[in-house]
């Protein structure tokens with residue numbers, strides 16, 4: 001009999017674990033300006049080079065005082081202090097020395113003058129003249145003062161290697177006057193669309209031909225993730241040609257993706273083709289649905305992901321297997337995804353031992369969150385991803401859920417009203 | 001008394017509602033290639049131009065049959081059919097006409113030949129020779145067939161105006177051979193850092209000078225959101241100069257941001273400066289914490305966001321007020337954010353009537369999710385955004401939460417183990 005079946009489906013966990021040990025690519029290190037570093041993975045631990053704030057600062061507008069001078073001040077019995085000057089944000093602490101019975105007017109962010117140890121807020125003070133101020137409320141030492149090093153201590157770890165740079169990192173790095181940091185360069189990827197029926201986007205559609213849409217879906221998915229897609233090509237169902245093209249793709253990029261030619265079919269062209277390249281590691285069949293026929297390999301440490309030709313199966317394969325690998329290559333964690341809990345309006349069944357990715361529609365009715373699994377007859381139904389706004393992941397040890405069960409789903413789009 | 005206080009704080013909701021009516025900028029419409037459209041907001045409704053699949057297709061590898069010919073087939077009493085040919089993915093339905101007692105071998109994705117109405121999976125068939133096949137299981141009409149138009153019907157809405165283009169849209173648009181779509185161009189923004197103490201990143205830090213880090217934080221935040229920052233500049237605490245620079249920024253961009261100079265201080269330089277530009281609308285003081293001194297204005301329909309000089313207050317102002325405005329400009333909804341529920345390890349207090357944005361640290365202990373509010377003495381404590389991995393929003397009608405209360409927080413970074 002000429003049909004080959006995948007007898008053993010490998011669990012997602014096993015596939016990821018195996019790939020992590022077999023992949024040996026190292027992303028290049030790049031120096032970028034901090035202002036342009038958002039979204040990159042840090043390639044180094046970055047530590048604070050000095051205390052921030054660099055000196056005690058006023059956290060409010062008001063008057064810098066010695067707390068002990070105003071300890072019994074009240075609205076009816078104000079303390080009267082001598083006003084010796086004004087501190088602006090660009091002054092230095094040494095500009096004034098506050099002695100017993102004296103005070104300095106300060107603006108928010110201005111240094112605390114020497115001798116003072118607290119700020120009285122402007123609301124609780126009254127200027128009698130340019131040299132006299134009434135204080136109507138006591139303050140404790142260090143009230144309304146941002147202490148030196150309160151925000152960041154010299155030597156403190158502020159960016160961890162493998163972390164994705166966020167806007168607040170940029171804020172803190174700029175605060176510390178760090179201009180350039182080391183980040184990992186984006187991975188380079190190739191995407192090959194395998195199939196005699198495939199034509200490029202924008203071609204004239206002849207009978208028997210369809211646009212290689214899954215290839216473009218993969219490219220878009222990768223771009224959104226931050227991968228640099230350097231090479232795409234449509235390849236016919238010929239083992240020798242696929243082999244050649246995968247080899248070429250491997251020479252041009254860190255990661256190679258193929259779509260199509262992996263199903264348990266008359267011939268698994270892509271699988272045969274990649275096997276000819278003497279892979280260090282090869283695995284066919286992953287316990288996910290849709291997406292079972294996925295194959296993965298490494299060739300000289302570079303991963304090859306052989307994805308389905310069907311867009312929804314491909315999408316599942318990318319989320320289930322590639323995404324965790326992607327973050328692990330950078331020593332990073334998968335960022336949290338938006339989720340929501342709701343009640344299933346229809347039962348969901350997935351064979352035991354398989355991790356199911358069920359597209360759902362999340363909506364609100366009478367203030368309750370309801371979750372409708374979208375009916376599918378095949379893994380090609382891309383429109384369910386557009387009609388739907390969520391993804392229910394059914395773990396391997398769960399056969400499914402009943403109507404009315406509360407489940408948590410990943411939200412891919414806002415909820416309709 | 002020369003101090004001015006903000007007596008009335010405007011609710012976030014009122015500020016957003018007012019801004020939405022006053023802002024009259026319209027993002028430009030741009031034609032982009034579908035493959036590069038991910039992340040843009042659609043500027044048009046896009047409908048399917050043809051049915052997809054364009055003809056009935058096989059969803060599996062196997063044999064195209066007339067269901068009525070195999071209705072009594074079984075393992076012990078197989079139906080024997082005449083094999084008249086093979087259908088590949090790039091063939092057309094007209095290649096064969098299946099008559100009574102005949103079948104055609106098909107690969108997944110191949111058209112269903114004329115006359116046939118179901119596919120028997122390869123597992124349930126046995127080729128006796130090149131012209132004879134045994135079928136060992138009956139099929140119902142249309143079993144294992146992807147019907148014409150099953151995925152998308154001609155005329156179906158596939159992208160809604162205002163929606164953010166996702167990879168699966170690209171997949172479906174490519175499937176329909178749509179090459180270019182209309183999207184809204186990115187907004188152009190200017191960010192001005194106001195303060196005599198401010199210097200650009202990378203300058204020598206003299207006493208009394210600090211890097212204009214909040215300006216860079218805003219720039220990074222906007223870039224991550226998809227806004228094109230075309231102009232940044234540091235401006236001294238001089239009303240005339242600020243006025244001039246805001247006017248210049250307005251001429252260069254759709255939206256203007258200033259950081260600093262809005263606090264209830266000795267002088268609200270920025271506020272005074274923007275008021276001189278004859279704004280159509282002006283509002284000072286928003287009921288958020290941190291971020292109360294925020295001011296907003298529109299000048300000839302273009303919004304000016306006067307943000308705090310303090311990074312964390314600024315960050316809150318951007319999330320609370322700018323983000324909703326940003327999505328509304330495109331007629332879009334705010335995308336869902338990752339959240340998690342957990343138990344507070346310490347009480348949180350926010351004055352009634354104020355919406356609180358409390359930075360928190362989310363962690364797991366004995367399999368329980370715990371949420372620790374980070375102690376802050378001022379809105380300048382940027383390191384709490386780095387130490388923390390979440391944000392607890394305390395609504396206006398809630399004064400806070402007790403230790404042990406279950407709360408839901410926005411997750412900004414993965415949870416540590």
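Each 10 Å bin from zero up to the one holding the largest Cα-Cα distance in the range B:1-122 carries the following percent of pairs: 11, 24, 14, 12, 10, 10, 9, 6, 3, 2, 0. Chain A residue nearest the axis that carries A onto B, by Cβ, with distance in whole Å, is A:338, 2. Neighbouring Cβ atoms from other chains, within 10 Å of the Cβ of residues in A:159-170, number 5 on average. Just so you know, the Cα atoms of the range B:224-295 work out to an Rg and Dmax of 12.6, 36 Å.
What is the range B:267-358 by shape, rounded, prolate or oblate, if you read a ≥ b ≥ c off the alpha carbon gyration tensor as root eigenvalues and call it rounded for a/c under 1.5, prolate for a/b larger than b/c, and oblate otherwise? Oblate is the answer for the range B:267-358, as a/c is 1.5 or above yet b/c matches or exceeds a/b. Shape verdict for the range B:339-411, please, from the Cα gyration tensor: rounded (a/c under 1.5), prolate (a/b greater than b/c) or oblate. The shape class here is oblate. Peptide A:196-207 is shielded by partner chain Cβ atoms: per residue, an average of 5 of them sit within 10 Å of its Cβ. Result for chain B in a Gaussian network model with C-alpha springs under 10 Å: among B:196, B:91, B:237, the largest mean-square fluctuation is at B:91. Using a simple spin-label model with pseudo-atoms 7 Å out from Cα toward Cβ, residue B:82 and residue B:160 lie 5.5 nm apart. When the alpha carbon coordinates of the range B:173-262 are projected onto the principal axes, the ranges are 62, 26, 19 Å, largest first.
Normalised by the number of residues in chain A, the average gap of Cα pairs under 8 Å and 6 or more apart makes the relative contact order 16 percent.
Shape summary: the protein assembly as shown maps onto an equivalent ellipsoid whose semi-axes, from the alpha-carbon gyration tensor, are 62, 25, 24 Å in decreasing order. Between the range A:233-264 and the range B:230-263, the C-alpha centres lie 53 angstrom from each other.
The protection proxy used here, the mean number of other Cβ atoms lying within 10 Å of each residue, ranks peptides B:340-348, B:138-146, B:306-314 as follows, highest first: B:306-314, B:138-146, B:340-348. In a fully extended conformation the segment linking residue B:50 and residue B:252 would gain 68.4 nm over its present Cα-Cα distance, using 0.36 nm per residue. Over the C-alpha atoms of the range A:57-146, the Rg to Rh ratio, Rh being the Kirkwood estimate, stands at 0.92. Averaged over peptide A:52-65, the number of partner chain Cβ atoms lying within 10 Å of each residue's Cβ comes to 3. For the range B:339-411, relative contact order (Cα pairs under 8 Å, six or more residues apart, normalised by length) works out to 50 percent. Between the C-alpha center of the range A:279-338 and that of the range B:23-37 there is a gap of 33 Å. Here the sum of -39500 (n - 2.57) over DSSP H runs of 4 or more residues, divided by the residues of the protein assembly as shown, equals -5000 deg cm²/dmol at 222 nm, to the nearest 500. With contacts taken as Cα pairs under 8 Å at a separation of at least 6 residues, the range A:114-154 carries a relative contact order of 43 percent. Of the residues B:166, B:289, B:100, the one that moves most in a GNM of chain B with alpha-carbon contacts below 10 Å is B:100. Of all the options B:50, B:305, B:281, the one that moves most in a Gaussian network model of chain B with Cα springs shorter than 10 angstrom is B:50. Two decimals, Cα atoms only, Kirkwood Rh: what is Rg/Rh over chain A? Rg/Rh: 1.20.
Comment: the Cα-to-Cβ extended label point of residue B:328, at 7 Å, lies 4.5 nm from its counterparts in the other copies, nearest first.
For residue B:300, the distances from its label point to the matching points in the remaining copies are 6.0 nm, ordered from shortest, with each point set 7 Å beyond Cα toward Cβ.
For residue A:127, the label point sits 7 Å beyond Cα toward Cβ; its separations from the matching points on the remaining copies run 9.7 nm, from shortest to longest.
Please compute the length gained on full extension between residue A:131 and residue A:231, using 0.36 nm multiplied by the number of residues separating them and subtracting their Cα-Cα distance.
28.6 nm
Read-outs throughout are calculated quantities, based only on the coordinates presented, and are distinct from any laboratory measurement. Every value quoted in this text rests on a predicted model; they were computed, and no experiment measured them. Glycine also receives a Cβ, built like all others from the backbone with ideal geometry; neighbour counts cover every protein chain displayed.
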